[in-house]
Each structure stands twice: as structure tokens, then as C-alpha cells.
């Protein structure tokens, strides 16, 4: 199955160059349809370029607090320069806390299709 998601330019580039291998999302109804082996088409919100990736793993957690304590943040889009200041609160800009509590969250481990 193929799924479509939007990505800001920076995380889009990081997935394309292989430095970001886990995309963080709300585990809402749309994400609950994703299965290992599925395809995700990420569209760059600035350029509309599309990146095709394969889903390798779904890492489901009750909150971003738990996710941030269990996953390697360098794989989630942080850099060596900013990983020390990484906070689950960074995700509040995208997903309000009440939505996080309602659905839970997921780290989607991906790899570029070759």
C-alpha cells in the first residue's frame, strides 16, 4: 500500500541523504493504516519534489516523551549540534498534547527505495 505525507524541506533533505531514518508522527487513523513493507511518498512542502521510501518498522509509543527517551534522536532528524537541546516539546508545534494523548505517537523507520 502507498501512503502520502507532507514534509518540510529540512527533514525531507535529511531523509533523502540518509541522516534521518525515523519520521515522527501522531499515531492517528491515517498512520494506523501503515504496515511494514508499505511505501510512503513524502512531498517536499516547498518544492513539491516527491521522495519514495519503504517502511521498515513502526515504533509506537504513548507519548513523545516516551519516544524521545527510547529512540536515537539522531535518527529522528536531530543533528549533533542540536541533539543536546532536543525535547519532546518540539513536537507540540505539530501535534497538540491532547491529540498526542488521544492517539499516541509513532516513529516510522524508513529507507529509500533502491
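The values are calculated or read from the model by the stated rules, or taken from the named source; none is laboratory data. The shown structure was predicted, so the numbers you read here are calculated from the model rather than taken from an experiment. Because the Cβ atoms are built from the backbone with ideal geometry, glycine has one as well, and the counts that use them run over all protein chains shown.
Observations on the structure shown:
- Any strands (runs of 3 or more DSSP E) falling wholly within the stretch 1-67 and containing at least 1 residues that are more than 11 Å from the chain's Cα centre (by Cα) and either touching a residue at least 24 places away in the same chain (Cβ under 8 Å) or within 17 Å of residue 94 (Cα to Cα) (or both): 2-7, 39-44, 50-61
- Test: residue in the stretch 36-54 that is under 17 Å from residue 67 (Cβ atoms), surrounded by fewer than 15 Cβ atoms within 10 Å (Cβ to Cβ) and at pLDDT 95 or above: no
- Total residues in the stretch 68-78, condition in a loop (DSSP other than H, G, I, E, B) and surrounded by 13 or more Cβ atoms within 10 Å (Cβ to Cβ): 3
- Selection within the stretch 95-111 - over 15 Å from residue 5 (Cβ atoms) and either assigned to a strand (DSSP E or B) or within 10 Å of the chain's Cα centre (by Cα) (or both): 111
- Count of the stretch 87-99 residues which are touching a helix residue (DSSP H, G or I) at 6+ places or on another chain (Cβ under 6 Å) and in contact (Cβ under 8 Å) with a residue 60 or more places away in the chain: 1
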